[in-house]
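Before any comments, here is the structure.
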Amino acid sequence: MTTTLDSPMTARELRSSARKTESHASRVALLLRAAECLSLERTPREAIVAALAPLTRHLGIDSALVMTQAGGALTVFAGVGPVLPVGASLPNGGVLGEVTRPPMQPALREHVVSRMRVGSHAALAYEYLLPLRLAGRCHGIVALLGERGARLPDADDQAVCVAMATMLTGAVATTNAPRTRATNTQAMATITRLTAREQQVLSLLPTGASNADIATRLGIAPGTAKIHVERILHKLGVRDRTAAAIVAANCGLQP
């Protein structure tokens, strides 16, 4: 009986094996870093932003966001890069609806113009949407946005993204708790400080509308829209449009 010994690995095979081992180690380190961020940061939003940073670096992209689901809309909860501001919302339809409804599967789309990016950055190499699901319920999505020239995530990268989405779900789920009657009453009391026109303007801020966009929608001059926004910020006691958009979202204002 002849015993056949395995052939020794060639230099090329050794290099390939070393690269795979190094790649696997980097992915494990990424998830460990994200877990550390989620446990150490002070607020869910800060934790999510910190956890997204190593993932975007690993994928070689510059933007990602997390959106929470409420009713028929998805609202931006946290983001990095040139994306919609916190508080901005999108209808939960089309591909977003496909991701958030059963069977709640990720969707990787190539060569798209994304509604989640702003300005001249909307044309993407890919848009990777993953559901944030827990106990059979979808709490929102994480969107990874690869700008032009970005490499598509391979199977191993996609597995890391799915693991990251699972980790982020816990931070997001706590923000989806139903609002109490007291919270709603307080929010509506804040809104009553505004005139009817100012409430119209405020309702458009979560969509990421600029002063020019608001002017077009309401049939007023851009300068007038700017004045309305400034008065809204003053009456609400907030510093910027993003904070005002969050107030609008909390009050359930719709355009």
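Picking from residues in the range 150-166 that are touching a residue at least 24 places away in the same chain (Cβ under 8 Å) and charged (D, E, K, R), the one that is nearest to residue 60 (Cα to Cα) is 151. Candidates 192, 242, 207: the one that is surrounded by fewer than 16 Cβ atoms within 10 Å (Cβ to Cβ) and under 28 Å from residue 69 (Cα atoms) is 192. Every condition in (1) closer than 18 Å to residue 161 by Cβ; (2) of a type outside the set (S, T, N, Q); (3) not in a strand (DSSP E or B) is met by residue 87 except one, and the failing one is (1). Just one of (1) at pLDDT 90 or above; (2) out of contact with any Asp or Glu (no Cβ under 9 Å at 6 or more places or on another chain); (3) farther than 23 Å from residue 119 by Cα fails for residue 231. It is (2). The single condition from (1) under 20 Å from residue 70 (Cα atoms); (2) modelled with pLDDT of 95 or more; (3) among the aliphatic types (A, V, I, L, M) that residue 144 fails is (1). On inspection, residue 186 passes the criterion of being assigned to a helix (DSSP H, G or I), at pLDDT below 80 and surrounded by fewer than 20 Cβ atoms within 10 Å (Cβ to Cβ). Can we say residue 108 is part of a helix (DSSP H, G or I) and modelled with pLDDT of 85 or more? No, not satisfied. Scanning the range 39-54 for residues that are out of contact with any strand residue (DSSP E or B) (no Cβ under 7 Å at 6 or more places or on another chain) and crowded, with 19+ Cβ neighbours inside 10 Å yields 44, 47, 51, 54. Considering only residues in the range 34-84 that are in contact with an Asp or Glu (Cβ under 7 Å, 6 or more places away or on another chain), of a type in the set (A, V, I, L, M) and assigned to a helix (DSSP H, G or I), the one that is modelled with the highest pLDDT turns out to be 59. Taken as a whole, the condition of being buried (at least 17 other Cβ atoms within 10 Å of the Cβ) and part of a helix (DSSP H, G or I) applies to residue 96.
The values are calculated or read from the model by the stated rules, or taken from the named source; none is laboratory data. Model, not experiment: these values are computed from the prediction. Reconstructed Cβ throughout: ideal geometry from the backbone, glycine too, with neighbour counts over all protein chains shown.
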